[in-house]
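The values are calculated or read from the model by the stated rules, or taken from the named source; none is laboratory data. All figures in this text were calculated on a predicted structure; none of them were measured in a lab. Here Cβ is always computed from backbone atoms with ideal geometry, including for glycine, and neighbour counts include all displayed protein chains. Heads up: the accessible areas ignore ligands, DNA and RNA and are worked out on the full protein's heavy atoms, side chains in. Shrake-Rupley method; radii C 1.70, N 1.55, O 1.52, S 1.80 Å.
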Amino acid sequence: MSELDTRRFVARDRNWQPKGYTPDYKTTIARSPSQALVSIPQSLSETTGPDFTHLKMGKYDNDLLLNFNHGGLPVGERVIMCGRVIDQYGNP
């Protein structure tokens, strides 16, 4: 896939989402829409945005304890998290 393909705006795939009205699941009866969804075409300002590809990662950008460290110990309880965040193309 070219870089242009991975930066383009991707419309939501409504077939991937579960149906809004499923009578077996009782809360969907009251919460589901009673009229058909209306798709509004997006303007240029909604499909484009800032480009941060020119920014480079700094030495401590992956460590919130050391990034912007003021010389003291961090305040609060230490939380250890793991995992990763990816976009719709599988890129980090």
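Observations on the structure shown:
- Test item: Cα-centred dipole of region 17-82, Lys/Arg +1 and Asp/Glu -1 on Cβ, debye: 200 debye
- Signed unit charges on C-beta, dipole axis of region 3-81, positive-most listed residue 79, 21, 42: 21
- Within the chain, the trypsin sites (Lys or Arg not before Pro) that combine a DSSP coil assignment with at most 13 other C-beta atoms in a 10 angstrom radius are 8, 12, 14, 19, 26, 56, 59, 78, 84.
- Option label - mean projected area of the Cα convex hull in nm² computed here, alternatives (1) 9.8; (2) 11.8; (3) 8.3: (2)
- Share of carbon and sulfur in the accessible heavy-atom surface of the chain [1.4 Å probe, %]: 57 percent
- Our summary gives the chain a relative contact order of 18 percent, counting only alpha carbon pairs under 8 angstrom and 6 or more residues apart.
- Per residue, the accessible area of region 25-92 comes to 104 Å² when a 1.4 Å probe rolls over the protein heavy atoms.
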